[in-house]
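For reference, the structure is listed below as structure tokens.
The values are calculated or read from the model by the stated rules, or taken from the named source; none is laboratory data. This structure is a prediction, so every number in the text was calculated from the model and none was measured. For neighbour counting, all protein chains shown are included, and Cβ atoms are generated from backbone atoms with ideal geometry for every residue, glycine included.
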Amino acid sequence: MADVSPLQKARAEYSPKLPPVLAKCGPFVKCDDGAPTESVADQADVRAIFPLTYGAPVITFGRSRKTETQALKAAVILSGGQAPGGHNVIAGLFDGIKAYNAGCELYGFLGGPSGLIDNKHQLLTAEIIDAYRNTGGFDIIGSGRTKLETEQQFASVVKTCRTHGITAVVVIGGDDSNTNACMLAEYMERLARADTTQPRIQVLGVPKTIDGDLKNEQIEISFGFDTATKVYSELIGNIQRDANSAKKYYHFIKLMGRSASHITLECALQTHANIAIVSEEIAQKKQTLRDVVSEVATAVRNRAAAGMNFGVVLIPEGLIEFIPEIKALISELNDLLARTGTEFQALQNTDQKIQFVAGRLSTVTAAAFKSLPATIQTQLLMDRDPHGNVQVSRIETEKLLVEMVEAQLKEWKAAGAYKGKFSAQTHFFGYEGRCAAPSNFDADYCYSLGYCAAALVAAGKTGYMASVRNTAAPSTKWTAGGIPLTLMMNLERRHGENRPVIRKALVDLGGKPFAALAANRTQWANANEYLYPGPIQYFGPSEVCDRTTLTLALERG
């Protein structure tokens, strides 16, 4: 093993905690079934797409006794963007199947779903696993964004599994990746019923995303959110200290969160930043881009009147998709580019592409498109990700807001309505948090999710997501089980057509976390009540090193 830092060496000795049912019984659990389930929306359509896996009950693990077992072979892939704790999920899965039967084997497929399709793999051994326990990153086997959706891809996965004798596939990923897992599970069930001479292949999911938008009543938090928000909050606190020292800059900080503002909300609660924009509130109020700019500029003007020409503004990266006229524009752009992709890509330069698009949009969306700076227009036309989404992290929303706020302040100054100074710095905190060494919470939670997945494998389940609950309490009170992937499904517009996907969980504007922000944001905007969270602590008093996010504490505490 290569040289490691003193902290990594010390963290390797940390023993993650498990829910009591898994700590006492290992993977030998009984599955207590709840009532049959329905998808969150579009029930008839989702049932028609997933007839074999639809309607399964939520499972809660109960205690059982060890039984005679046969060795099995399982596969694991890391899918989508990195999140702290992925290595511990794999470690928990490895330890769980080895506890089930010491002869079990775990194959890690390299580079995400494409590794499973192309049979690029590594047999994971205890030596390999031990080197990655409690570490950040996905580098043990790598990740990727290939979307599993075609019959040809599914057939390739089957071929890979048959080659190695694999009878269980665990997909560690976010909503889109677990949508893939749901589709693959349905395919495998159909295959098993059509040919009973071949072993059945189970497919299970694990909830991963730092964005925090993969959650529901049973999935209380996606792994990585705890660590990432603590990393970002430390950085925001550092910048707040700097701003309050120099007293001359506004810092516009864009944070991860394409489809939901959970990260921005959590970081605002941890740091008391002066302004925190919540995309879901913008959408509910049907605010225009000009409205958002006016609110920020007004806060800047009010602070200037009190002698404060500095501050911190938090911006979710997906903000631009929540502004009604821009959301409509993006939706129309997605459909347009899906229909005319070849013709569009054949154009030689950016100006031609902008003119091509502007001439084919409806009157209202064309006006919205033309109102944006050329840099933002160009960024909206960049290649979509493999799931057909705009790559919003490439859209420099923070710079757009700075430019427009500055213009508004100049208008007010010319009219004698503003006398302050405005100088801005922009930041984007994204990759900084994705591969951090997991917090104690994420180390425990991820290991528990992996072990939970092993127990689902042992129980013969398929089409389920591992679920660990009561996570706002100490781990001695955690429970474990599984939630049907189909329960989270609805239909959404992708690549110009309706497709089944797991519904994202947006910020609940009626929930306690947002209420906490709403109750304090006027005071935070007009004063400097900054909190400085500091770096993640791994050792020391439990109230320092084992604390959860404020979002989880408020929602579940």
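For region 225-280, which positions are of a type in the set (D, E, K, R) and in a helix (DSSP H, G or I)?
Once the filter is applied, which keeps residues that are of a type in the set (D, E, K, R) and in a helix (DSSP H, G or I), region 225-280 yields ASP226, LYS230, GLU234, ARG241, ASP242, GLU266, GLU280.
Please indicate, with yes or no, whether at least one residue in region 367-384 is within 30 Å of GLY142 (Cα to Cα) and among the hydroxyl-bearing types (Ser, Thr, Tyr). No, the conditions are met nowhere in region 367-384.
For region 459-470, name all the residues that are under 15 Å from ALA23 (Cβ atoms) and not in a strand (DSSP E or B). Passing the criteria: only ASN470. Is there a residue being surrounded by 19 or more Cβ atoms within 10 Å (Cβ to Cβ), under 29 Å from ARG503 (Cβ atoms), in contact with a Phe, Trp or Tyr (Cβ under 7 Å, 6 or more places away or on another chain) and modelled with pLDDT of 95 or more anywhere in region 247-254? Yes: one or more hits. Whether a residue is in contact with a helix residue (DSSP H, G or I) (Cβ under 7 Å, 6 or more places away or on another chain) and either assigned to a helix (DSSP H, G or I) or over 19 Å from SER393 (Cβ atoms) (or both) was assessed, and ILE326 passes this test. The numbered conditions (1) more than 30 Å from ASN180 (Cβ to Cβ); (2) not in a helix (DSSP H, G or I) are all true for GLU403 except (2). Within region 467-502, the set of residues being under 23 Å from GLN43 (Cβ atoms), modelled with pLDDT of 95 or more and surrounded by fewer than 20 Cβ atoms within 10 Å (Cβ to Cβ) comprises ASN490, LEU491.
For region 99-110, state whether one or more residues are part of a loop (DSSP other than H, G, I, E, B) and either in contact (Cβ under 8 Å) with a residue 40 or more places away in the chain or surrounded by 23 or more Cβ atoms within 10 Å (Cβ to Cβ) (or both).
Within region 99-110 (the criterion being part of a loop (DSSP other than H, G, I, E, B) and either in contact (Cβ under 8 Å) with a residue 40 or more places away in the chain or surrounded by 23 or more Cβ atoms within 10 Å (Cβ to Cβ) (or both)), the answer is no, since none of the residues qualifies.
A Cβ distance below 9 Å, combined with a sequence gap of six or more or placement on separate chains, defines the contacts here; from region 135-148, residues that are among the aliphatic types (A, V, I, L, M) reach no residue that is at pLDDT below 95. Annotation: of all residues in region 1-33 being assigned to a loop (DSSP other than H, G, I, E, B) and of a type in the set (S, T, N, Q), the one that is farthest from the chain's Cα centre (by Cα) is SER5.
Once region 414-443 is narrowed to residues that are in a helix (DSSP H, G or I) and more than 18 Å from the chain's Cα centre (by Cα), the residue that is surrounded by the most Cβ atoms within 10 Å (Cβ to Cβ) is ASN440. In region 308-329, the residue that is nearest to the chain's Cα centre (by Cα) out of those that are surrounded by fewer than 21 Cβ atoms within 10 Å (Cβ to Cβ) and modelled with pLDDT under 95 is LYS327. Taken over region 278-299, the residue count meeting the criterion of being buried (at least 21 other Cβ atoms within 10 Å of the Cβ) and under 22 Å from the mean Cα position of the chain (by Cα) is 3. Does region 510-530 hold any residues that are assigned to a loop (DSSP other than H, G, I, E, B) and either without any contact (Cβ under 8 Å) to a residue 24 or more places away in the chain or exposed (fewer than 15 other Cβ atoms within 10 Å of the Cβ) (or both), and which are they? Matches in region 510-530: GLY510, GLY511, ALA527, GLU529.
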